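Chemist: The structure is given below, and queries will be raised subsequently.
The values are calculated or read from the model by the stated rules, or taken from the named source; none is laboratory data. Everything numeric here is computed off the predicted structure, so don't read it as measured data. Here Cβ is always computed from backbone atoms with ideal geometry, including for glycine, and neighbour counts include all displayed protein chains. For accessibility, only protein heavy atoms count, side chains too; no ligands or nucleic acids. Shrake-Rupley method; radii C 1.70, N 1.55, O 1.52, S 1.80 Å.
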Amino acid sequence: MSLLVLFFVGLAVGATTVLFGFGGGFVTVPIIMLVDAARGPDALRIAIATSALVMVVNAVIATSATRQTVLAHLRGRRTLFVLLALGGTAGAFGALFVPDVVPRWGFVIYIGVTVVDLLLRPGFFPGHGPARRPKESSDRALPDGWGIPIGGLASFLGVGGSVMTVPMMRRSGMDMSVATSLANPLTIAIAAPAMIVALVFGGGSVASVPGLVGTVDVASALALLAGAIPVIVLLRRRPPRINNAVHSEPTQV
């Protein structure tokens with residue numbers, strides 16, 4: 001029954017990956033924690049690692065279907081990608097060794113701060129304070145220096161960093177559709193090294209638990225991906241046309 005629930009959660013994750021650039025961490029971490037609750041303090045680490053795997057696969061599929069004209073915004077950003085990967089690696093290692101209460105409350109605080117930031121800081125919602133006009137939008141909407149903190153925090157909490165990167169790109173004047181599309185390759189840079197750390201170094205006290213590879217819950221990951229992948233493919237082939245104002249609104253939650 002839990003795998004069936006995860007399949008339906010995967011459907012929602014697939015939609016958010018395409019529409020908002022969110023690889024699913026906000027949804028998958030809490031739901032996998034519930035599924036693996038019997039594993040006690042290890043449940044959160046399992047959820048973070050499994051979320052990283054799901055995000056990598058979803059983001060790769062979404063990126064592969066993104067137009068090259070859109071991906072061109074990230075051309076020449078090698079330094080940003082390297083720093084995101086370094087941050088992702090550091091955050092993933094950190095999550096393995098701190099008490100589970102730290103990322104648990106960090107996750108809650110992260111969500112709360114994100115909601116407040118989107119609602120109160122100008123530039124994200126159309127007509128909500130100043131934002132650069134599209135022609136003034138720069139491919140440097142995400143300064144390289146933000147790579148390590150964004151990557152580190154995102155992988156530490158098991159999210160893809162899109163809730164930080166999408167608003168930054170929106171405030172530079174990018175259309176919401178472009179910002180959410182670019183969030184997926186940025187998520188790969190963060191989540192791929194985090195996934196590797198979880199698979200290779202994450203065994204620890206759960207090394208002998210059936211169904212786990214490192215700290216990744218394979219069955220849960222497959223159930224989520226079974227729901228997410230068809231939705232991503234469908235929405236990429238037939239993308240819905242959404243007004244910028246409407247497109248921005250749902251991302252406040």
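Chemist: Which condition from (1) in contact with a helix residue (DSSP H, G or I) (Cβ under 7 Å, 6 or more places away or on another chain); (2) open to solvent by 30 Å² or more (accessible area, probe 1.4 Å) is the one that S64 breaks?
Modeler: Evaluating S64 over (1) in contact with a helix residue (DSSP H, G or I) (Cβ under 7 Å, 6 or more places away or on another chain); (2) open to solvent by 30 Å² or more (accessible area, probe 1.4 Å) leaves (1) as the failure.
Chemist: Here is a follow-up. Would you call T69 among the polar types (S, T, N, Q) and modelled with pLDDT under 85?
Modeler: no
Chemist: Follow-up question, since we're still on this one. Does M174 satisfy the condition of being farther than 17 Å from G25 by Cα, open to solvent by less than 20 Å² (accessible area, probe 1.4 Å), modelled with pLDDT of 80 or more and assigned to a loop (DSSP other than H, G, I, E, B)? Before you say what the answer is, go through the steps one by one.
Modeler: Values: farther than 17 Å from G25 by Cα: yes; open to solvent by less than 20 Å² (accessible area, probe 1.4 Å): yes; modelled with pLDDT of 80 or more: yes; assigned to a loop (DSSP other than H, G, I, E, B): yes.
Spelling it out, M174 is indeed farther than 17 Å from G25 by Cα, open to solvent by less than 20 Å² (accessible area, probe 1.4 Å), modelled with pLDDT of 80 or more and assigned to a loop (DSSP other than H, G, I, E, B).
Chemist: Answer yes or no as to whether A52 is at pLDDT 85 or above, farther than 17 Å from A198 by Cα and either small (G, A, S) or surrounded by 23 or more Cβ atoms within 10 Å (Cβ to Cβ) (or both).
Modeler: For A52, the condition - at pLDDT 85 or above, farther than 17 Å from A198 by Cα and either small (G, A, S) or surrounded by 23 or more Cβ atoms within 10 Å (Cβ to Cβ) (or both) - is not met.
Chemist: In addition: With respect to V115, determine if the residue is assigned to a helix (DSSP H, G or I) and modelled with pLDDT under 85.
Modeler: Considered against the rule, which asks whether it is assigned to a helix (DSSP H, G or I) and modelled with pLDDT under 85, V115 comes out as yes.
Chemist: For G76, only one of the following conditions fails: (1) surrounded by fewer than 24 Cβ atoms within 10 Å (Cβ to Cβ); (2) part of a helix (DSSP H, G or I); (3) modelled with pLDDT of 85 or more. What is its number?
Modeler: Checking G76 against (1) surrounded by fewer than 24 Cβ atoms within 10 Å (Cβ to Cβ); (2) part of a helix (DSSP H, G or I); (3) modelled with pLDDT of 85 or more, the one that fails is (2).
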